[in-house]
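A.B. asks: Encoded as structure tokens, here's the structure I'll be asking about.
The values are calculated or read from the model by the stated rules, or taken from the named source; none is laboratory data. Since the model is a prediction, treat every value here as computed from it, not as a measurement. Here Cβ is always computed from backbone atoms with ideal geometry, including for glycine, and neighbour counts include all displayed protein chains. Heavy atoms of the whole protein, side chains included, go into the accessibility calculation; ligands, DNA and RNA do not. Shrake-Rupley method; radii C 1.70, N 1.55, O 1.52, S 1.80 Å.
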Amino acid sequence: MTTPDYFEFYQLPESFRPDAAALKRQYYALSREYHPDFHATESPERQQEILQLATLNTNAYRTLSDEDQRMAYILSRHGLLEEGKQELPTDFLMEVMELNEQLMELEFEPDPAAATRVEADVNSLTNTLEAGIEPVLAGYEGLPAETRPHALQQVQTYYLKKRYLLRIRESLAKFATRS
């Protein structure tokens with residue numbers, strides 16, 4: 001079962017930064033068009049079809065209006081979130097490993113100053129990551145087809161790094177609630 005093309009469904013170009021107003025307009029227009037009440041007299045088959053379109057509309061809007069879900073959606077459509085296709089640069093993995101080791105030390109010896117340092121490191125990594133990817137995300141829609149795979153590769157790396165940093169943040173949040 002292939003994922004439906006939500007961008008096509010909304011007649012919008014594939015983009016990491018879609019026009020939010022256009023997205024919302026399409027969603028509301030289709031919500032009215034596919035509202036079950038307007039199709040109560042149709043055949044059961046047509047009613048079922050309308051229900052599926054209404055569900056598709058909801059899923060499309062939910063996915064495309066959320067930045068992280070939209071990114072994961074675009075990457076999956078291009079086969080870039082399949083297991084085993086996710087290699088991250090060694091230097092990044094080393095940094096994450098160091099942060100995780102610091103977290104493990106905090107597990108045994110809670111130290112608010114050390115926790116603050118880890119948090120500052122994670123914030124710094126995150127800011128650098130976001131500053132680096134922003135032009136790629138913003139410019140993706142305007143790229144010629146032959147340069148898009150390279151941009152998608154960069155977004156994939158960003159997305160995976162961001163997931164790692166999110167896990168570290170979640171661990172840090174646990175320490176914060178304990179201390």
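A.B. asks: Give segment 7-28 a look and list any residue that's surrounded by fewer than 17 Cβ atoms within 10 Å (Cβ to Cβ), of a type outside the set (A, V, I, L, M) and out of contact with any Asp or Glu (no Cβ under 8 Å at 6 or more places or on another chain), or say none.
C.D. replies: Scanning segment 7-28 gives GLU8, GLN11, ASP19, LYS24, ARG25, TYR28.
A.B. asks: Related question: Just for segment 87-129: of the residues that are open to solvent by 60 Å² or more (accessible area, probe 1.4 Å) and outside any helix (DSSP H, G or I), which one is farthest from SER15 (Cα to Cα)?
C.D. replies: Filtering first and then ranking leaves GLU109.
A.B. asks: Which of the residues belonging to segment 143-173 are modelled with pLDDT of 95 or more and among the small types (Gly, Ala, Ser)?
C.D. replies: ALA151
A.B. asks: If a residue must be charged (D, E, K, R), surrounded by fewer than 19 Cβ atoms within 10 Å (Cβ to Cβ) and in contact with a Leu (Cβ under 9 Å, 6 or more places away or on another chain), how many such residues does segment 135-162 contain?
C.D. replies: Residues in segment 135-162 being charged (D, E, K, R), surrounded by fewer than 19 Cβ atoms within 10 Å (Cβ to Cβ) and in contact with a Leu (Cβ under 9 Å, 6 or more places away or on another chain): 1 in total.
A.B. asks: Only one of GLY132, GLY79, GLY84 is open to solvent by less than 60 Å² (accessible area, probe 1.4 Å), outside any helix (DSSP H, G or I) and either closer than 28 Å to THR3 by Cβ or free of Cβ contacts under 8 Å to residues at least 12 places away in the same chain (or both). Can you tell me which?
C.D. replies: GLY79
A.B. asks: Also, quick follow-up: Please count how many residues of segment 29-54 are closer than 30 Å to LEU143 by Cβ, surrounded by fewer than 17 Cβ atoms within 10 Å (Cβ to Cβ) and of a type outside the set (Gly, Ala, Ser).
C.D. replies: Quick first cut of segment 29-54, residues closer than 30 Å to LEU143 by Cβ only: 29-30.
Pick out the ones that are also surrounded by fewer than 17 Cβ atoms within 10 Å (Cβ to Cβ) and you get 29.
Still in the list and also of a type outside the set (Gly, Ala, Ser): none.
Going through segment 29-54 one residue at a time, the tally reaches 0.
A.B. asks: Could you list all residues from segment 46-73 that are under 25 Å from TYR34 (Cα atoms), in contact (Cβ under 8 Å) with a residue 24 or more places away in the chain and within 15 Å of the chain's Cα centre (by Cα)?
C.D. replies: The answer is ASN59, ALA60, TYR61, THR63, LEU64, SER65, ARG70, TYR73.
A.B. asks: Which residues, taken from segment 35-76, are of a type in the set (Ser, Thr, Tyr) and in a helix (DSSP H, G or I)?
C.D. replies: THR55, THR58, TYR61, THR63, TYR73, SER76
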